[in-house]
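> I'd like to ask you about the structure that follows.
The values are calculated or read from the model by the stated rules, or taken from the named source; none is laboratory data. Values in this document were obtained by computation on a predicted structure and should not be read as measured data. Note that we place each Cβ from the backbone using ideal geometry, even for glycine, and neighbour counts take in every protein chain shown. Calculation scope for accessible area: heavy atoms of the full protein, side chains included, ligands and nucleic acids excluded. Shrake-Rupley method; radii C 1.70, N 1.55, O 1.52, S 1.80 Å.
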Amino acid sequence: MEKKKLVIIGAGGLGREILFMLLDINKKNNCYDILGFIDNTPELQNKIINNFPVLGDDSWLHNYNDNIDVTIAVGTPQTKKQIYERFSYKKNISFPTIIENDVKYSDTVMIGKGCIIGYHSTLLANIFLGDFVLLNHNCAIGHDVKLESFVTLYGNVSVSGNVTIGSCAEIGNGTRILQNKTIGENSKIGIGSVVIRNVPPNCTVFGNPAKRVF
């Protein structure tokens, strides 16, 4: 099988984590020819990061016309969305979903394009993930959960059954969300929070139990 050329947008910490995932996936399937990183940070241009080059800034990808896979290694949901919108016009770019080898998920899970699902995550029954959802390592997603597009869950997040998380919401490490709750779009849940009430759109909550702080 011919390997797919791939670049990672974002050469920061998450980008290096995603590179590690891709290399691990390649050990089993050998499906990606990883060219390197794309990053707009001036100080990173022409650098080598974990043995892979920073190929250039956005202009490199705008000017690249062969078929290529792109993974967006950015945690902040609004930034992820902006990056996608900058490149969505290019028909030669595909945004594959990256699923680590040890992820457990049932055949009733629906997953959109451009998602990233990290080590030791578990997705049970009748779950929907929109486009460009990030689940970092050790996330546990219960039955009938809906994660809309551009949602980010950092490590060790647990989401109980029948939860809906709106687009561009950002859920901090170690958060626990009680069943039957709704998290509004563009909301942020602080690290280690326990969510026992619905969270309105466009706000920040934190604590145990989580309370609105912004």
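> Given C-alpha coordinates of the range 62-158, what is the ratio Rg to Rh with the Kirkwood estimate of Rh? Don't jump to the answer; show the numbers that get you there.
Details: Rg = 13.7 Å, Rh = 13.8 Å.
That ratio equals 0.99.
> Another one. Out of the total accessible area of the range 1-110 (probe 1.4 Å, heavy atoms of protein only), what percent is carbon and sulfur? Display every interim value, and only then the final one.
Numbers: 2840 of 5970 Å².
Taking all protein chains in place, the range 1-110 shows 48 percent carbon and sulfur surface.
> Next question. Hey, what did the range 73-138 get for relative contact order, percent, Cα under 8 Å, at least 6 apart?
On the way: 103 pairs, mean separation 18.2, N = 66.
Reported as a whole number, the value is 28 percent.
> Using the alpha carbons of the range 26-91, what is the convex hull volume per residue in cubic angstrom, as a whole number? Numbers along the way, then the final one.
Working: hull volume 7.8 nm³, N = 66.
Each residue corresponds to 118 Å³ of Cα convex hull volume.
> Hey, another quick one. Leaving out ligands, DNA and RNA, and with a 1.4 Å probe, what % of the accessible surface on the range 140-203 is carbon or sulfur? Intermediate values should be presented prior to the final figure.
Numbers: 1120 of 2390 Å².
Carbon and sulfur: 47 percent of the exposed surface of the range 140-203.
> Straight distance only, please: which lysines reach the Cα of Lys113 with their own Cα at less than 20 Å, same-chain residues fewer than 8 apart left out?
Within the straight-line cut-off, Lys113 pairs with Lys3, Lys4, Lys5, Lys80, Lys81, Lys90, Lys91, Lys104, Lys146.
> Report, to the nearest 10°, how far helix 13-29 tilts away from the longest principal axis of the Cα atoms in the chain, using its own Cα long axis and a range of 0 to 90°.
The answer is roughly 70 degrees.
> Also, quick follow-up: What does the charge add up to near Ser59, with Lys and Arg as +1, Asp and Glu as -1, over the other residues with Cβ less than 13 Å from its Cβ?
With Lys, Arg at +1 and Asp, Glu at -1, the neighbours total -1.
> Same structure, new question: Normalised radius of gyration for the range 128-214, please: alpha carbon Rg relative to 2.2 N^0.38 Å, two decimal places.
Values: Rg = 10.9 Å, N = 87, 2.2 N^0.38 = 12.0 Å.
For the range 128-214, the normalised Cα radius of gyration comes out at 0.91.
> Ok, one more. Just the accessible area per residue of the range 154-203, please: how many Å² with a 1.4 Å probe? Show your work: numbers first, answer last.
Values: 1980 Å² over 50 residues.
Ligands and nucleic acids excluded, the figure is 40 Å² per residue.
> Specify, per residue and in Å³, the volume enclosed by the convex hull of the alpha carbon atoms belonging to the range 60-110.
Values: hull volume 6.5 nm³, N = 51.
In the range 60-110, the Cα hull volume divided by residue count equals 127 Å³.
> Along the Cα-to-C-beta direction of Asp57, a point sits 7 Å from the Cα; which residues of the range 9-25 have their amide N less than 17 Å from that point?
9-12
> Still on this model: What does DSSP give for the chain in terms of the percent of beta bridges that are antiparallel, rounded to the nearest 5? Mind showing how you got there, number by number?
Values: 4 of 49 bridges.
Close to 10 percent.
> Of [x] 1.09; [y] 1.44; [z] 1.02, which one was derived for Cα Rg over 2.2 N^0.38 Å from the structure shown?
Calculated Cα Rg over 2.2 N^0.38 Å: the matching label is [z].
> Multiply the residue separation of Asp107 and Lys47 by 0.36 nm, subtract the distance between their alpha-carbon atoms, and state the gained length in nm to one decimal. Mind showing how you got there, number by number?
Numbers: separation 60, 0.36 × 60 = 21.60 nm, distance 4.12 nm.
Result for the pair: 17.5 nm of gain on full extension.
> If I fit a long axis through the Cα atoms of helix 77-87 and take the longest principal axis of the Cα atoms of the chain, what angle between them do I get, 0 to 90°, rounded to 10?
Roughly 30 degrees, rounded to the nearest 10.
> Another question, if that's okay. Just the accessible area per residue of the range 1-97, please: how many Å² with a 1.4 Å probe?
On the way: 5160 Å² over 97 residues.
It amounts to 53 Å² per residue over the range 1-97.
> Once the range 108-153 is represented by equal point scatterers at the alpha-carbon sites, with solvent omitted, what log10 I(q)/I(0) does the Debye formula produce at q = 0.21, 0.28, 0.33 Å⁻¹?
Taken in order of the listed q values, log10 I(q)/I(0) reads -0.59, -1.07, -1.34.
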